[in-house]
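First the structure, in the form of structure tokens, and then the observations on it.
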Amino acid sequence: MLSHHELEKFDYNSLFYTPRTLSTLFFTLLVLNLFAYTIVPINEASKQDSQGFTFASKIGIGASVVAFLAFASTQFPDTLVKRPHPIFWRLIMGLLALYTLFMTFVLFQPLDDARRIFKFFDNALGEKLPEKSYADDCRIFTPENPYSSFQNVYEAAVDVHFFAHLFGWWFKMMIIRDVKMCWLLSIVFELLEITFRHWLPNFWECWWDHLLLDVFGCNMLGIILGAWSCNYLYMRRMNWIYDKPHGSHPAPCANKLITFVNKFRPNVWTRYDWSVFSSLTRYNQFLFYCFICLGIDCMNFFNKFILWIPANHKLLSVRLFIWAFTCIAASKEYFEFIQNAHCKRVGPFVWLSCLCLGVELSISFKFGYQMFTTPFPWYVQVMWATIWTFMFAGAVYAYSNGCKQQESKEKDIDMLDPAIDVEPIYENENKKNK
């Protein structure tokens, strides 16, 4: 915990760690007034687009977002993650709060109005999307194709989603910091694709796409690279005391560049030992964390299908950016909450993340219960019955381990007859007296 007690005073120049609340306030007011008097005319009527949104309304909402983020950067609480700077994480929390408020507003609209809202960002949105399946032709060998005999595999392997999965699981591994949990989440998400593919056409994939390209392809490579990165950061020697080098002095520009790059490295890289089966409480906490991770991924597909947002649209990239950095801080806070007995409440990122995911789930349930009416196939029911059986067995095993640990603690400490050995103390005193 030493890294969280104002070490930024030693990491940054005083310009960056000293609070600038009043300066930020006056600067924000100056910028808002400057744009209010120059961009938006005072007497001229603002033109409307085809959907009825005026230019002034868009600029006004954007200015409101800037004002809120200015407040968040100075007044929101800090999290356990400090690098590259606490202000960065306050801004991420502000973006997550704005996204949660926007999705809450969408939740209270009729489905057609909810889809039409996104025309505020792009007039091309709000239109029904063509259904696309990745399992139209699952042949590996295609000799009739003039370009390649393995054209189906080639198109799937060089698709942008392959590299997205690769870097995504690299990033997830550095957040979760547990190889076994990442493997579990990778496999379960593929099972979720099989579970919901009769509702979402994008989840239809060939068997070799699930196994060779996803689980044992980009997912596995991303997990390996993430594990290597975690080991590198964990084994790296930390410089706790700033000491000017003796002898050789690097060039000032190179020294400043190295110092700037080091600001993006964590002060302390902690390994997450989840101890899944140590007790029933820890087992449930582990399942809750897995549910959050899988829910964030699934809601990306469900909500874009319900609200008619293309997979390559920038709005989904913005959501991915917000959730990616949110998960870094939320995972740190959640692990501290379940690991530290003195931590009695969850952090702000965990609380806001659960609220945001709950709103996204509510949107899927509200708008999707009439869209997703096809019953689950028999093999999906058998698959999840098997999974729930293993989960119940894991809960029984974790409960038995927790009982054994509790019994061993009670045997070691008896409050009525504590085992205290005081004879060596008296023997030492007798020797000194002699």
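The values are calculated or read from the model by the stated rules, or taken from the named source; none is laboratory data. Keep in mind that this is a model prediction, so the values were computed, not measured. Using ideal geometry, Cβ is built from the backbone for each residue, glycine included, and neighbour counts are taken over all protein chains shown.
Here are the numbers for the structure shown:
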| quantity | calculated |
| --- | --- |
| Criterion (farther than 30 Å from P130 by Cα and among the hydrophobic types (A, V, I, L, M, F, W, C)) met by exactly one of L307, L352, L316 | L352 |
| The listed residue being modelled with pLDDT under 95, part of a loop (DSSP other than H, G, I, E, B) and small (G, A, S), out of A341, A329 | A341 |
| Exclusive hit being surrounded by fewer than 18 Cβ atoms within 10 Å (Cβ to Cβ) and either more than 22 Å from W170 (Cβ to Cβ) or modelled with pLDDT of 90 or more (or both), set L320, L307 | L320 |
| Answer residue from region 340-367, given it is closer than 23 Å to S275 by Cβ, of a type outside the set (A, V, I, L, M) and without any contact (Cβ under 8 Å) to a residue 60 or more places away in the chain and is surrounded by the most Cβ atoms within 10 Å (Cβ to Cβ) among those | C343 |
| Test: residue in region 305-313 that is touching a Phe, Trp or Tyr at 6+ places or on another chain (Cβ under 9 Å) and free of Cβ contacts under 8 Å to residues at least 60 places away in the same chain | no |
| Number of positions in region 40-54 that are farther than 22 Å from L125 by Cα, at pLDDT 60 or above and surrounded by 12 or more Cβ atoms within 10 Å (Cβ to Cβ) | 1 |
| Residue under evaluation I322, criteria (1) aliphatic (A, V, I, L, M); (2) out of contact with any Leu (no Cβ under 6 Å at 6 or more places or on another chain); (3) in a helix (DSSP H, G or I), criterion not met | (2) |
| Any hit, region 361-371, residues being part of a loop (DSSP other than H, G, I, E, B) and either within 13 Å of H198 (Cβ to Cβ) or at pLDDT 95 or above (or both) | yes |
| Only listed residue being of a type outside the set (V, I, T), free of Cβ contacts under 8 Å to residues at least 40 places away in the same chain and farther than 21 Å from C290 by Cα, chosen from Q370, Q381 | Q370 |
| Yes/no for I296 being among the β-branched types (V, I, T), in a helix (DSSP H, G or I) and buried (at least 19 other Cβ atoms within 10 Å of the Cβ) | yes |
| Residues located in region 138-194, provided they are surrounded by fewer than 18 Cβ atoms within 10 Å (Cβ to Cβ), modelled with pLDDT under 80 and of a type in the set (A, V, I, L, M, F, W, C) | C138, I140, F141, F150, A157, V158, V160, F162 |
| Pairs where the first residue, in region 78-91, is among the aromatic types (F, W, Y) and the second is part of a loop (DSSP other than H, G, I, E, B) and modelled with pLDDT under 90, C-beta under 6 Å, 6+ apart | W89/T79; W89/V81 |
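The rows are residues; the columns are (1) of a type outside the set (K, R); (2) farther than 28 Å from A124 by Cβ.
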{"position": "A329", "(1), (2)": "yes, yes"}
{"position": "K332", "(1), (2)": "no, yes"}
{"position": "E336", "(1), (2)": "yes, yes"}
{"position": "E360", "(1), (2)": "yes, no"}
{"position": "I363", "(1), (2)": "yes, no"}
{"position": "K366", "(1), (2)": "no, no"}
